[in-house]
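The values are calculated or read from the model by the stated rules, or taken from the named source; none is laboratory data. Everything numeric in this text was worked out from a predicted model, so none of it was measured. Neighbour counts run over all protein chains shown; Cβ positions are idealised from the backbone, glycine included. When the accessible area is computed, the model is the full protein with side chains, heavy atoms only, and any ligands, DNA or RNA have been set aside. Shrake-Rupley method; radii C 1.70, N 1.55, O 1.52, S 1.80 Å.
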Amino acid sequence: MTTASVEDLERACAAVGDLIAGIGSDQWMAPTPCTEWNVRDVINHLVGMNLVFTALLDGGAMPERGADRLGDDPLGAYQASAVAVHEGFARPGVLERIYAGPLGNATGAERLQIRLYDLLAHGWDLSQATGIPARLPDDLAEQALAFVREQLSAEPQPIDDAASAIERLAAFLGRQVRTEL
């Protein structure tokens, strides 16, 4: 399995940021494939998780759960959190170090893979909810799918083998994916 790099994180963050930049004022409350969350909630989750990973890597205090992290500038909040998480993973030795978390110990490289698959899957969610084409890197989606298949015991939704990597990742993580046969 290919290991994710900090550059991969930067590419994924940029692709999701481009998607967020295209969200119209009438789309923030639109439902998403994450049935408990609307578009704004998904972005708030992405920002929150970027801050959680940053705190984990820095050994800092975890951000408050359930807080609105977007304020009046969701794109700006996302971009700032993306810079912070990128800087956290880019520090020397971070990928080799072992970090304790609620689900056990994992290396920084494994934490990076976790951040990537969550980011990509929720990027797909945002694309589905808004109709904005997701330009999520296919190679990163393939890499994320290989990682989750190895790490998670999930109940994937049925999907055509010819579907794109991001669609197969979304289906593996339990989303209903409609593909043209």
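Overview of results
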{"item": "Accessible surface, per residue, of segment 52-181 when the full set of protein chains is kept, probe 1.4 Å, Å²", "result": "54"}
{"item": "Ala146-Leu75 FRET efficiency (beta carbon distance; Förster radius 45 Å; 0.05 resolution)", "result": "0.90"}
{"item": "Cβ-placed point charges (K, R +1; D, E -1), dipole of segment 1-142 about Cα centre in debye, nearest 20", "result": "260"}
{"item": "Whole-angstrom gap from segment 104-140 to segment 18-92, using each part's C-alpha centre", "result": "12"}
{"item": "Test item: Cα-centred dipole of segment 12-79, Lys/Arg +1 and Asp/Glu -1 on Cβ, debye", "result": "140"}
{"item": "Under the Debye formula (equal points on every Cα, no solvent term), log10 I(q)/I(0) of segment 84-181 at q = 0.10, 0.11 Å⁻¹", "result": "-0.31, -0.37"}
{"item": "Entry for semi-axes √(5λ) of the Cα gyration tensor in Å (calculated from the structure that is shown) out of (1) 28, 20, 16; (2) 23, 18, 17; (3) 24, 21, 14", "result": "(3)"}
{"item": "Extension gain (nm, one decimal) between Ala14 and Ser153, 0.36 nm per residue minus Cα-Cα", "result": "47.1 nm"}
{"item": "Options Gly101, Ala15, Ser153, ranked by Cα towards positive dipole end of segment 4-163, top entry (Cβ charges)", "result": "Gly101"}
{"item": "Apportionment of accessible area to carbon and sulfur, the chain, percent (1.4 Å)", "result": "50"}
{"item": "Relative contact order computed over the chain (Cα-Cα under 8 Å; 6+ residues apart), in percent", "result": "26"}
{"item": "Largest-first ordering by accessible area, 1.4 Å probe, given options Tyr117, Tyr99", "result": "Tyr117, Tyr99"}
{"item": "For peptides 23-31, 127-135, sequence by mean Cβ density within 10 Å, most packed first", "result": "127-135, 23-31"}
{"item": "Sorted peptide list for 101-113, 166-178, criterion being average Cβ within 10 angstrom, highest first", "result": "166-178, 101-113"}
